Amino acid sequence: MLILKGKFLISKFSGLLGAALMLAALAWMGVAQVQAAPPRQLAPDAVATEFYGWYLDTLSADQDPLSDRHATFNNYVARELTARLVERLSGGRVPASDYFLQSPGYQSAWRRHVAATTVRQRGASADVIVTLGDEDGVKRVLALAMVLEAGSWKIRQVVLAEARPAGSSADQPVI
């Protein structure tokens with residue numbers, strides 16, 4: 001009888017051990033599936049808000065977003081625009097104003113308030129209005145043409161909202 005009791009206890013514990021191992025394997029597989037899931041695509045206005053928050057923080061840290069933070073810059077700006085900006089700078093032409101701010105400088109109040117709204121999204125292009133600053137201070141309103149590139153929304157063109165040309169952003173030249 002002792003032998004049967006021992007076998008019963010061993011088989012009972014091995015069943016519990018097997019169940020625990022099965023749960024651990026399922027949990028591990030779930031973690032592997034979560035890690036393998038593709039990143040969620042952000043909306044154009046969310047990308048614009050992220051970009052301007054990062055861009056103004058980079059400028060306030062006295063860094064050049066294009067050269068000092070090139071990898072992050074490329075996450076937000078279309079390849080074609082990046083190439084043209086690099087070409088313009090390497091040609092010795094120093095711009096009178098910052099392309100992304102459409103201004104010779106920036107206000108510290110702009111960093112505290114960045115808001116973006118998608119006004120049109122059609123296929124792989126979108127138009128976004130970005131407001132820097134709030135009602136109480138100096139405010140800057142920009143119009144962005146964005147394009148879906150490699151699965152992410154990227155900035156293709158920036159103009160002052162008041163100076164925005166008529167027509168679709170896809171029809172407008174980049175610079």
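Quick query: amide H of residue 157 versus all other amide H atoms, modeled in the peptide plane; which residues come in under 5 Å with a sequence gap of 5 or more or a different chain?
145
Collect residues whose amide H, placed 1.01 Å from N in the peptide plane, falls under 5 Å from the amide H of residue 42; neighbours closer than 5 in sequence don't count.
Counting only residues 5 or more places away or on other chains, the set is 153.
Please report the carbon-and-sulfur percent of the accessible area for the stretch 107-165; probe 1.4 Å, protein heavy atoms only, DNA, RNA and ligands left out.
The C+S portion of the solvent-accessible surface of the stretch 107-165 is 45 percent.
Quick one: check the C-alpha center-to-center distance for the stretch 84-136 versus the stretch 41-68, whole angstrom.
Spelled out, the Cα-based centre of one part sits 10 Å from the other.
Largest first, what is the accessible-area ranking of 155, 129 with a 1.4 Å probe?
129, 155
The values are calculated or read from the model by the stated rules, or taken from the named source; none is laboratory data. All figures in this text were calculated on a predicted structure; none of them were measured in a lab. Remember, those area values only see protein heavy atoms, side chains included, never the ligands or the DNA or RNA. Shrake-Rupley method; radii C 1.70, N 1.55, O 1.52, S 1.80 Å.
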